[in-house]
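These notes concern the structure reproduced below.
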Amino acid sequence: MSQDTTSSKDAQASNGLTYADAGVDIDAGNDLVKKISPLVKATSRPGADSEIGGFGGLFDLKGAGFTDPILVAANDGVGTKLKIAIETGQHRTVGIDLVAMCVNDLIVQGAEPLFFLDYYATGALDVETTTDVVAGIADGCRLSGAALIGGETAEMPGMYAKGDYDLAGFAVGAAERGSLLPRPDVKEGDFLLGLTSSGVHSNGFSMVRKIVEIAGLEWSSEAPFADGKTLGECLMEPTRIYVKPLLTALKTTNGIKALAHITGGGLPENLPRVLPKETTARIDLSAISVPPVFKWLAQAGGVAESEMLRTFNCGIGMVVVVEEDEADMVSAALQQVGERVVTLGRIETGGDKSVAFDGKLDI
């Protein structure tokens, strides 16, 4: 009898509930850390050695070369573009998107990105998928000069459908005191230069997905606006990171007064954020070379020009406000480091932090 009782207790102990039974795989999490450690290490920069595994990431501002810095922080996500990544299995580039949406918001304030942290949440951890995502985040960090100093991977059974995940990013940058943007001298006559986008970037994808549904297309369908590529491949083109070209232009010229990252809300909503009161940004829409993807979206969805402008970047991912006398020098500095620069218009007196359009978008 005692032997039977002992066996029963042993069986109960060996069959006890584990965290894995509840849907959380600690071993998979440990495997992930091993896989991503080299990726994280590759983002090292002065001020950070990018080691992971501690309770928090460290950064040395003096080691980064700052004397009297103001810290600037930004956070963002990728939005419903993640649905396309999940449905197509293309996970690498959304990490770049995540970093881009944060660091582009730092550079518009004149801040150099220093470090980045990510938050990845899923119902059940798939090590290969998560490694792809983190590899993309590391790519974005290298493109922007930020160190990936930490993050959180949350496995939450029951919170997400099978295969789904969500992302959030957090970036911190710094600028020396007195060098923050926008400068207080933005005025009438200043030029507006546009830097071209790589496509839809990471805004407006609820509209994109609706238009694809209306058009009766699959992500694997050939893109109606790009020969030899699938629709999914084209739409997953990552958001451009403007940090290094703009840092170069800020250091080598003195004409940049303000920058505006053109995200959700487009030109009408984002440009006023850097304008002084009682001024208007007047933009010539015919100067914009509209990428084919936006022409297709407008035509396939029957989307009006005004709705396109307030939903998408329509080909301009960043606007640079420059002193008139410095416009040629700033444009040349940006072109020298690979940017395509478009002269969009000027700042005018009148209005109240508004945007006025001349001409028509070529859609």
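The values are calculated or read from the model by the stated rules, or taken from the named source; none is laboratory data. Everything numeric here is computed off the predicted structure, so don't read it as measured data. In this analysis, Cβ positions are derived from the backbone assuming ideal geometry, glycine residues included, and neighbour counts consider all displayed protein chains. Areas reflect the complete protein model, heavy atoms only, side chains present, ligands, DNA and RNA absent. Shrake-Rupley method; radii C 1.70, N 1.55, O 1.52, S 1.80 Å.
A few comments on the model shown:
- Qualifying residue in the range 274-292 (condition: touching a helix residue (DSSP H, G or I) at 6+ places or on another chain (Cβ under 9 Å) and more than 23 Å from Val341 (Cβ to Cβ)): no
- Residue in the range 74-91 that is farther than 30 Å from Ile211 by Cα and either among the polar types (S, T, N, Q) or in a loop (DSSP other than H, G, I, E, B) (or both) present: no
- Only listed residue being open to solvent by less than 20 Å² (accessible area, probe 1.4 Å), touching a strand residue (DSSP E or B) at 6+ places or on another chain (Cβ under 7 Å) and either touching a residue at least 40 places away in the same chain (Cβ under 8 Å) or not in a strand (DSSP E or B) (or both), chosen from Ala124, Ala171, Ala100, Ala135: Ala171
- For first residues located in the range 54-79 and under 30 Å from Leu235 (Cα atoms) and in contact (Cβ under 8 Å) with a residue 24 or more places away in the chain, partners that are loosely packed, with under 12 Cβ neighbours inside 10 Å and of a type outside the set (D, E, K, R) and lie 6+ apart or on another chain with Cβ distances below 8 Å do not occur.
- Taking the listed residues Ala215, Ala226, the one that is hydrophobic (A, V, I, L, M, F, W, C) and within 24 Å of the chain's Cα centre (by Cα) is Ala226, with no other qualifying.
- Of Ser198, Ser202, Ser220, all but one fail to be at pLDDT 95 or above, polar (S, T, N, Q) and surrounded by 22 or more Cβ atoms within 10 Å (Cβ to Cβ); the exception is Ser202.
- Tabulated pairs, the range 300-321, first over 20 Å from Gly255 (Cβ atoms) and among the basic types (Lys, Arg), second modelled with pLDDT of 95 or more and buried (at least 22 other Cβ atoms within 10 Å of the Cβ), C-beta under 9 angstrom, 6+ apart or interchain: Arg310/Gly266; Arg310/Leu267
- Among (1) under 19 Å from Leu39 (Cα atoms); (2) touching a Leu at 6+ places or on another chain (Cβ under 9 Å); (3) open to solvent by 10 Å² or more (accessible area, probe 1.4 Å) - the single one Thr129 does not satisfy: (2)
- Members of the range 59-72 found to be under 23 Å from the mean Cα position of the chain (by Cα) and surrounded by 15 or more Cβ atoms within 10 Å (Cβ to Cβ), listed by number: Phe59, Ile70, Val72
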